[in-house]
Amino acid sequence: MSVTVVVVHWNQPERLRETLARLVEQGVEVRAVVVDNDSRPEAQPVLRRVVAEAPVPAVLVRMEHNTGFGPAANAGLRHWLDTGEGEWAAVVPHDALAEPGALRALVEAMRARPRAGLVCADVGDGETPVVDPYFGGMTKPAEVAEGWEPAHYPHGTLMLVRRSCLDEVGLFDERYFAYCEEADLGLRARDAGWEVGLLRGVRVVNPTMRSGSPVTDYLMLRNTLLLVREHSGRYHAGIRFVIAAMQLTRGVVQPSSRPWLFSAEGRVWGMLDFLRGHYGPPPEHLLREARPQS
């Protein structure tokens, strides 16, 4: 039993080292494909060393610019698909710490369900990913305490994919750049008759998850509008757009009403770019704020 693990990396080689170290505890044979999203020059020597010293066989795939999570994951998945090695691949960010045996548990759960195409590990929040026809990707309270639970999509902290599922439905839609791409993939898989689930009790943690920024709010809103339009239609997207405009106005006028993730600038640009069909990377002036400072 073998699994290819695609690790999307950006500017955090020491976090990557810890993630790769966890792969020897997974109870399966692991090969890693580390996809670097054009990390800054000072991170490159450490990155090369971390990959060379990885406790599992690992290769490094370099992107020429920061392509976002989905496109970088696609580069790693294409590498796996082209080599023809194994039936299973996992996708994780560079700071995802899987508990021992997590990958084996995910594989065994999918092998027991011939039409299971995508499954994710449990982040411990007691929630299950679902997609609302107006609000896009959301969560609802868990309905099982342990084992397989149907979900509309797998979250991206640790997701396992079946080769034949990707062969049929394709990879991540690269218009999303980051956020909502896993929801789109999950819905496409379900539409094609594949099962999608979350394996409750099989834990993964993401200890360095950051709070929001203008670029995060931009991507979340723009991509939610795209997701709703693609899977629910223009009417639902129109209603969602009106709701977004109302929430934006209220957040500006009444700061106490703002959610933890709120950027008026990010939301305005997200709505504008959705209307004019601008997808992929965020505007440069917003993306600049997400770059690590030297």
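Take residue 133 and decide whether it is closer than 17 Å to residue 205 by Cα and in contact with a His (Cβ under 9 Å, 6 or more places away or on another chain).
Criteria not met by residue 133.
Filter the stretch 25-52 down to residues that are more than 11 Å from residue 12 (Cβ to Cβ) and of a type in the set (A, V, I, L, M), then give me how many there are.
8
Tell me which residues, restricted to the stretch 221-256, are of a type in the set (Gly, Ala, Ser) and free of Cβ contacts under 8 Å to residues at least 40 places away in the same chain.
233, 237, 238, 244, 245, 251, 256 - these are the residues of the stretch 221-256 that are of a type in the set (Gly, Ala, Ser) and free of Cβ contacts under 8 Å to residues at least 40 places away in the same chain.
Do we find that residue 215 is hydrophobic (A, V, I, L, M, F, W, C), surrounded by 13 or more Cβ atoms within 10 Å (Cβ to Cβ), within 19 Å of residue 73 (Cβ to Cβ) and at pLDDT below 95 in this structure?
Here the answer is yes, as residue 215 does meet what is asked.
Here's the yes/no breakdown for (1) over 21 Å from the mean Cα position of the chain (by Cα); (2) assigned to a helix (DSSP H, G or I):
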position: 200; (1), (2): no, no
position: 223; (1), (2): no, yes
position: 248; (1), (2): yes, yes
position: 251; (1), (2): yes, yes
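Have a look at 230, 149 and point out the one that is surrounded by fewer than 24 Cβ atoms within 10 Å (Cβ to Cβ), at pLDDT 95 or above and not assigned by TED's automatic domain parsing to the domain that holds residue 93.
230
When the stretch 233-253 is examined, which residues are found to be crowded, with 16+ Cβ neighbours inside 10 Å and hydrophobic (A, V, I, L, M, F, W, C)?
237, 241, 244, 248
Condition test on residue 17, is it among the charged types (D, E, K, R) and within 23 Å of residue 99 (Cβ to Cβ)?
So residue 17 passes the test.
Consider residue 231 carefully, then state whether it is part of a loop (DSSP other than H, G, I, E, B) and under 30 Å from residue 191 (Cβ atoms).
No: the conditions fail for residue 231.
May I ask you to verify whether residue 276 is more than 18 Å from the chain's Cα centre (by Cα) and within 23 Å of residue 173 (Cα to Cα)?
yes
Among (1) within 16 Å of residue 131 (Cα to Cα); (2) modelled with pLDDT under 95, where does residue 260 come up short?
Of the numbered conditions (1) within 16 Å of residue 131 (Cα to Cα); (2) modelled with pLDDT under 95, the odd one out for residue 260 is (1).
What strands (runs of 3 or more DSSP E) lie completely within the stretch 127-196 and have 2 or more residues being within 14 Å of residue 230 (Cβ to Cβ), under 13 Å from the mean Cα position of the chain (by Cα) and touching a residue at least 24 places away in the same chain (Cβ under 8 Å)?
In the stretch 127-196, there are no strands (runs of 3 or more DSSP E) which contain 2 or more residues that are within 14 Å of residue 230 (Cβ to Cβ), under 13 Å from the mean Cα position of the chain (by Cα) and touching a residue at least 24 places away in the same chain (Cβ under 8 Å).
Taking the options 128, 224, 216, 139, name whichever one is hydroxyl-bearing (Ser, Thr, Tyr), touching a Ser or Thr at 6+ places or on another chain (Cβ under 8 Å) and within 22 Å of residue 280 (Cβ to Cβ).
Matching residue, one of 128, 224, 216, 139: 216.
Within the stretch 113-126, can you find the residues that are surrounded by fewer than 16 Cβ atoms within 10 Å (Cβ to Cβ) and either touching a residue at least 24 places away in the same chain (Cβ under 8 Å) or among the hydroxyl-bearing types (Ser, Thr, Tyr) (or both)?
Listed by number, the residues that qualify are 113, 115, 124.
The values are calculated or read from the model by the stated rules, or taken from the named source; none is laboratory data. If you're wondering where the values come from, they're calculated on a predicted model, not measured in any experiment. Every residue, glycine as well, gets a Cβ built from its backbone with ideal geometry; the counts of neighbours run over all protein chains shown.
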